[in-house]
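Encoded as structure tokens, the structure appears first; notes follow it.
What follows draws every value from the coordinates through simple rules; no lab data is involved. Fair warning: this is a prediction, and the values are worked out from it, not measured in the lab. Virtual Cβ from ideal backbone geometry, glycine too; neighbours counted across all protein chains shown.
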Amino acid sequence: MNLRNTPTHEFDYLLALAAVALTAYGALLIYSGSLATYGSPSAALSHPVSRQIAFAVVGVVAMLVLTRVDYRLFGPLSLTLYVLSLAGLVFVLVAGGSAYGSRRWISIGGTQVQASEIAKVCTVIMLAKFFADNEERVKSLRVFAISIAIVAVPAVLVVLEPDLGSAFVFLILWFGVALIAGVRKLHIAGLFALFAAAAPAAVLGVAAGYQKERISIWLDPGKDPLGTGFNILQAEISIGSGGLLGKGFTHGTQTQLDYLRTQTTDYIFSVGAEELGFIGAMVLFGLFVLLLFRCLRVAGHADDMFGRLIAVGVMTFILFQVFVNIGVNIRLVPVTGVPLPFVSQGGSSLITLLAALGILQSILGHRRKRSRRV
Amino acid sequence: MGLLTNHRRRRWRAEPAEQPDPRAQTTARLNILKLVVVVAFVALAVQLANLQLVRGHEFQQRAQLNQLRIEPIIPARGLIYDRNGVQLVDNVPSFSAVVVAADIPKARTLEIADGLQQLLGVPPLETTLKIEQARRSNDPFAPVIIKDGLDQTTAFRLREELSHLPGVQIAVEPVRHYLHGNIMSDVLGFTGRIDPQEFAALKSKGYIPSDRLGKAGVEATYEQYLRGVPGRKEIEKDATGREIRTLAQDPAKPGDTVVLSIDYDLQKKTTELLQKAANGGQAAAVVMDVHTGEVLALVSLPTYDGNTFSGKVDAAKYQQYLNDPNKPLVNHAISEEYAPGSIFKQITGTAALQEGVATTSTTIAANGYILVPNEYNPSILYRFNDWRSFGNLDFYGGVAWSSDVYFYYLAGGYHWYGQNFNGLGVDRLARYARDYGLGSKTGIDLTGEAAGNIPDPAWKQKTFGDVWTLGDTYNMAIGQGFVTATPIQMVRVTVAVANGGTLFVPRVVREVRDAQGHVIVPNVPKVARQLPISAANFAIMRQAMMDSVSWGAATAAHVNDLAIAGKTGTAEFGNPGANGVSDTHAWFTGFAPANNPQLAVTVFLEKGIGGVNAAPIGAQILDYYFHRPPQATAPAAAPPQGIAQP
């Protein structure tokens, strides 16, 4: 009996449970956040909650299917997936739909698909594949430079949309993956020095006008209380007024009277914090911490560098998005349009995330069984 | 054994430390990531706790402020009735389109301005500017009027579109409607939008920038009663300013009811009579109760329609009023100063009797004029004309015929050509005139009253730098020269003569009642002073005025079945025309019944002759009052108790 080639078929129920719980938490908040606009959820399929649940079902199916598929299959496919996702980003720039002055999605069969969400996962796979293939040469500057190029291309493409938030996601996930891959600390330090030198110039020159305005208003929202500062102030009021226990589900005055804007997407955390309070937010934090730790556990248990780096990459971009999204809501971070993973309304993000967790489950489940260490 | 095992295991573990085990390194790096996760969530939790737990109370208050707005409830303005309960004003709704800048999403400002242009025809630039201005103001929640005076169709069409126009609201506000247009305007005045100066002064009394208030007449003088007490309501609003529900209400206290002393019927009749005589020129008439000083009619012509200023101001009509040389917006009965002419002789006459200058039997030869030689050069003679030659006149004849010469003697005396008649002199005459209330405001409860002028040597010196002459005293005796007075002042003089010396503060308001009908300001005559003239002397003057109507200069004031006592006046004004004759004001002042005076009237026509044009009008007014059909003479009781408020 060749134990070494038998998959463990381990399935991390806690990881799946955390993801489903977060999705359900999100659906509840979407329900509350859309009450003012949609009323109670009639059977209408266009209702945001119905749509979100439908996306969740698609996502869970994708997760289960990918759990069964050996993640190693993605190795040879990684370049193709990566190039296709880049093509998607280019297509968005050329012919994408736009909102609030930036082009962010493409329409496929009447559904808006956010190409950058898919590109995040594809880039993680590409990056993991590249580092895994070059495990021995990981300390070389050439490998370091190429790995940066792999994330720089999609990052530049989303900056052009412009979507600075997603661009940061690419850079951060590179950092997480590169750290675990074991690149030279000197190289990373050099990169940081480069960034530090370029940052002021970027803020002054490259950053779009709206980004600069966002930063200056983040620092002083009272400067423009009825314009851009409105969201910042209202989110702060929503969250703060929630107190310890919250105002009760669907009883948040800020949410229900429409003081919060984009309350089912970027500002969904404010809905939860207002209605469910500090306790409700801690539950959400707990679920995220559980999910992220389980992702790291996958990385720890992975058979090979490829699997480990995928797990780290996925965990990194989820962590970063959670931190930035909630940080924006509670005024810790300048306004950046990043959705809250699993919770914010939006099919592309939810399906992609659940699918990515399917790949993580596959990494766990397709390890070769080893009875003992030889 | 255990010790040994441990020792061996440690050694085995320690070996690869010199040549790093990739697996251990990975675990270490993954632990760094775990630490990053923990640090990230701790940072978020700390800031969250700061917002929710430390500063939670502050944000709870701000969330409440967000949705709760305290809005004033403008009280229903008090109604106004005449003395017989005839309703004179009403409150009707007026629609205006307003915006609340705080509720307009900044990005949609232009879109909303365009929408308002389509619906209301207001240029988008104007709307945008107003919104921007309000945004930058201290109170972006205060409604700003985009267009007022909307007709109902437009208002309803706008209402249907409101859901597409966040921040736009339709304000319904009650505005005054004057039920009798031109008849009551000079008494009632009008209401209008509060202006910035008024607002600054009245802010503390609960007025708001879009408020209305009385601007003239009773509407202005009784503003504090008519306005009522504003209420407050606490309402919940959503982010676009839509009212969700009212949480608490402190209802407004409606304005008080004002009951005028005006007799609407008489006011209307007086207006009609005066209109015929005035020929479009300036005219005024005031009817006063002899025993209370209440004004029963007060007419000024030409007049205006108070509705012009209610709601949206009718600009064309307003301009027309401003351009009219006869000044329809000026109340000629109280605000315009005219030479009173011979009706001033009531004062000269009673003063002369009281001072012993004259008695009923003082006889003076009134032969059409008198001559006065120049003080320094007696060959220069000054001639003072009478309007006619009468021969010898006693006091009754002098008043009845309104002989100017007779009154020259009484006021200035005459010491030439063998005569030695001592007159009152300017100082005593001026003192009496001022006692009668001339030269100062009567204190009537209306706006814009003028004081008129009673001259004396000091005044002339100060005003013209010139010395007082005998001629000035002669002119003053007959109400000419530097003497000016208003019709309301002159009717008060006649009332004092008629009632034996009580000078009243005239009133157009009888009483004020609250919404429940309780009297707040009671109907109590206000006496300015008792004149220092004996009852006997007033009786003589009354007899002389009766004679004037019976057989003197005022026979045109005779009517059947009513004994009227009166005095005419014809006062020159302005410069003599091409024919050497000046235009004249026509005056009549009188009372009835002559033996038991109840009602006094003074009529003024800017152009005319007292005995020809003014006297018949005065007589017809008195005749109407005493002889009108009984059904028109409603009991002088008040309107029904507890008048319903809208």
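Solvent-free Debye calculation, one equal scatterer per alpha-carbon of the protein assembly as shown: log10 I(q)/I(0) at 0.04, 0.05, 0.07 Å⁻¹ equals -0.42, -0.55, -0.74. Extension gain, B:Ala43-B:Arg383: 0.36 nm per intervening residue step, less the Cα-Cα distance, totals 111.5 nm. Ranked by the mean number of other Cβ atoms within 10 Å of their residues, highest first, the peptides A:12-22, B:72-82 fall in the order B:72-82, A:12-22. Taken about its Cα centre, the range B:270-627 carries a charge dipole of about 300 debye when Lys and Arg each add +1 at the Cβ and Asp and Glu each add -1 at the Cβ.
In this structure the amide hydrogen of B:Ala216, modeled in the peptide plane, comes within under 5 Å of the amide hydrogens of B:Phe190, none closer than 5 places in sequence on its chain. Output the pairs from B:Lys327/B:Lys567; B:Lys345/B:Lys526; A:Lys247/B:Lys203; B:Lys147/B:Lys203; B:Lys106/B:Lys215; B:Lys237/B:Lys312 with a Cα-Cα distance over 32 Å in this structure; if there are none, say none. Result: A:Lys247/B:Lys203; B:Lys106/B:Lys215 exceed 32 Å.
Segment B:Leu110..B:Glu337, full-extension length gain: 76.2 nm, with 0.36 nm per residue of separation and the alpha-carbon distance subtracted. Partner shielding of A:233-240 amounts to 6, given as the average count of beta-carbon atoms from other chains within 10 Å of each residue beta-carbon. The modelled label-to-label distance for the pair B:Asn596/B:Asp561, using points 7 Å beyond Cα in the direction of Cβ, is 1.6 nm.
Taking the Cα centre of the protein assembly as shown as origin, sum charge times position over the Cβ atoms of Lys and Arg (+1) and Asp and Glu (-1), and report the length of that vector in debye to the nearest 20.
The dipole magnitude comes to about 6660 debye.
Spacing of the modelled spin labels on B:Asn50 and B:Glu126, each 7 Å from Cα toward Cβ, amounts to 4.9 nm. Rg over Rh for chain B works out to 1.31, using Cα positions for both radii and the Kirkwood form for Rh.
Sorted ascending by nearby beta carbons within 10 Å, beginning with the fewest, A:Ser166, B:Ser261 become B:Ser261, A:Ser166. Partners of B:Lys205 within straight-line reach, counting aspartates and glutamates whose Cα lies under 20 Å from its Cα and excluding those fewer than 8 residues away in the same chain: B:Glu71, B:Asp139, B:Glu173, B:Asp195, B:Glu219, B:Glu223, B:Glu234, B:Asp250, B:Asp256, B:Asp514. Relative to the current alpha-carbon distance between A:Leu14 and A:Ile108, full extension at 0.36 nm per residue lengthens the span by 30.5 nm. Using the Cβ-Cβ distance between B:Gln419 and B:Phe464 with R0 = 30 Å, the FRET efficiency computed as 1/(1 + (r/R0)^6) comes to roughly 0.50. Highest average first, the peptides A:270-283, B:357-370 ordered by how many other beta carbon atoms sit within 10 Å of their residues are A:270-283, B:357-370. Put a dot 7 Å past the Cα of B:Ile145, heading toward its Cβ, do the same for A:Val94, and the two dots end up 5.9 nm apart. For the range B:439-447, backbone phi angles converted through the Karplus equation (6.51, -1.76, 1.60; θ = phi - 60°) give residue-by-residue couplings of x, 9, 5, 6, x, 4, 7, 9, 8 Hz, Gly and Pro being listed as x. In summary, the helical segments of chain B meeting the span-like criteria, namely a full DSSP H run, a Cα extent along the axis of 30 angstrom or more and a mean Kyte-Doolittle hydropathy of at least 0.0, are B:22-49.
Farthest toward the positive end of the dipole of the range B:270-627, out of B:Val295, B:Gly281, B:Gly577, is the Cα of B:Val295, where the dipole comes from beta carbon charges about the Cα centre.
Counting only lysines at least 8 places from B:Lys34 when in the same chain, those with an alpha carbon closer than 30 Å to its own are A:Lys120, A:Lys129, A:Lys139, A:Lys185, A:Lys369. Take the convex hull of the alpha carbons in the range A:3-365; its mean projected area over all directions comes to 18.4 nm². Peptide B:54-66 has a mean shielding of 6, counted as Cβ atoms of other protein chains within 10 Å of each residue's Cβ.
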